[in-house]
1. For Lys163, go through the lysines and keep the ones whose alpha-carbon is under 27 Å away, minus same-chain ones fewer than eight residues off.
2. About the Cα centre of the range 32-150, how large is the charge dipole given +1 on each Lys and Arg Cβ and -1 on each Asp and Glu Cβ? Please answer in debye to the nearest 20.
3. Under the Karplus relation 6.51 cos²θ - 1.76 cosθ + 1.60, θ = phi - 60°, what is the ordered set of whole-Hz ³J(HN,Hα) values for the range 114-124, x standing for Gly and Pro?
4. Just grab the label-to-label distance for Asp64 and Asp124, each label 7 Å out from Cα along the Cβ direction, in nm (one decimal).
5. Evaluate E = 1/(1 + (r/R0)^6) for Leu174 and Arg247, where r is the Cβ-Cβ distance and R0 equals 35 Å; express this FRET efficiency to the nearest 0.05.
6. Using 0.36 nm per residue of separation minus the Cα-Cα distance, give me the extension gain between Glu161 and Thr57 in nm, one decimal.
7. Need one number: nm distance between label points at Asp96 and Asp188, each 7 Å from Cα along Cα→Cβ, rounded to one decimal.
8. Go ahead and run the numbers for FRET between Glu50 and Cys109, Cβ-Cβ distance against an R0 of 30 Å, rounding to 0.05.
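Taken together, the values in this text are just the output of simple stated rules run on the coordinates, not laboratory data. Keep in mind that what you see is a predicted model, and the values were worked out from it rather than measured. For neighbour counting, all protein chains shown are included, and Cβ atoms are generated from backbone atoms with ideal geometry for every residue, glycine included.
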Amino acid sequence: MHQASPCPDAALPSEGPTMRLQRYLARAGAASRRRSEDLMTAGRVTVNGEVVTELGTKVDVRHDEVCVDGLLVKLGGRPVFLVLNKPTGCLTTMDDPQGRPTVRELVPCAAHPGLFAVGRLDCDTTGLLLFTTDGELAHRLLHPTRHVPKRYVALVDGLLEEKDAQALRTGVLLDDGMTRPAAVELLDRSRHATAAHGAAAVSGQDATLVALTLTEGRKRQVKRMCAAVGHPVLALHRERFGPLELRGVAPGAWRYLDDDEVAALYAAVPSVAQGARCATGEQGVSSLEHL
C-alpha cells in the first residue's frame, strides 16, 4: 500500500533549535498536539532513550532522538492518511475500558502511534471512516462552518414516499434545531449494492433504500432525520466523506490515501496558511460527528 502526502518536508523550525516535545511530535506528523500530550502522559514517548511524561519538556530538534513506542520520529515526517471500511459492531474509539471491539484493532496503530479517527460512526453504522495524524486538518474537516459533504445510504423502515424525501431535502426540526437542506435520492434496492442493501435482503420487511448527503455532523443525525419523517433507520452505511470514497475496500479493511486524495482533502478545507507550509496537527479535534 502506498502512503502519500502533498506537503513538502518540514524545515527546521524558525523559532530556534529547541521546541516543546508535544509540538515537535505534532510538527513531525506523529499525532495531533492533544494526542501527542496523551502519548507523553501514557509513557509512550522517549527522548534519547529516556521516557518523558512531563508536558512542556523541550527537545533539541537537531540532536535529540525522539521515539514513540520505539519508533523514531523526525521533523520532515509526513502526516498519515488512510480510510477504513468500518464494519458493524465496532466502536469508533481508540480505547474502550469495557474491552469491546474498537476501530483501533483494524488500523495500523503500531506503525503510526498517533493515528486517530476523524469524527465518529455509531457502533452499528458501517462505511468510510477517515484516519490521520494531522489534527489541524481533522479539526477543519469537522468544523461546523466548513459544511463538508458526507453521503450515506440508509435502509429505512417502511415505504418512504417522495413527500418524505422532500421534507428531508428541505430540512426537518430536531430537538437541537432545524437541519440544513440535504440531497436525497430514493434508490433501487435491486441495483444498489451496499452494506445497507445486504441488510435489506435479510430483513424481509417493507423497507426503502435512500441516499442522503449531509453538510453538517450532528450526533446520530441521519437516524434522527429519518425517524422524524416516520421511517426509522434499519441499517446505515457511509459511502463518501468529502472528496473520499472507499473504492472497493472490503468491510474491516483499510488503505492509505494516494497523493490526489490527500491533495483533495486539503483543498476541501483550505487554511489561511495553506500553500505556504504543510498543515501538521497542533490543536485538538472536536468530535462533532456521530452518525
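1. Lys150, Lys219, Lys223
2. It comes to approximately 500 debye.
3. With coefficients 6.51, -1.76 and 1.60, one gets x, 5, 8, 7, 8, x, 9, 10, 4, 4, 9 Hz.
4. Spacing of the two 7 Å Cα→Cβ label points: 4.9 nm.
5. Computed FRET efficiency for Leu174 and Arg247: 0.60.
6. 31.4 nm
7. Here the answer is 3.8 nm between the modelled labels.
8. 0.80
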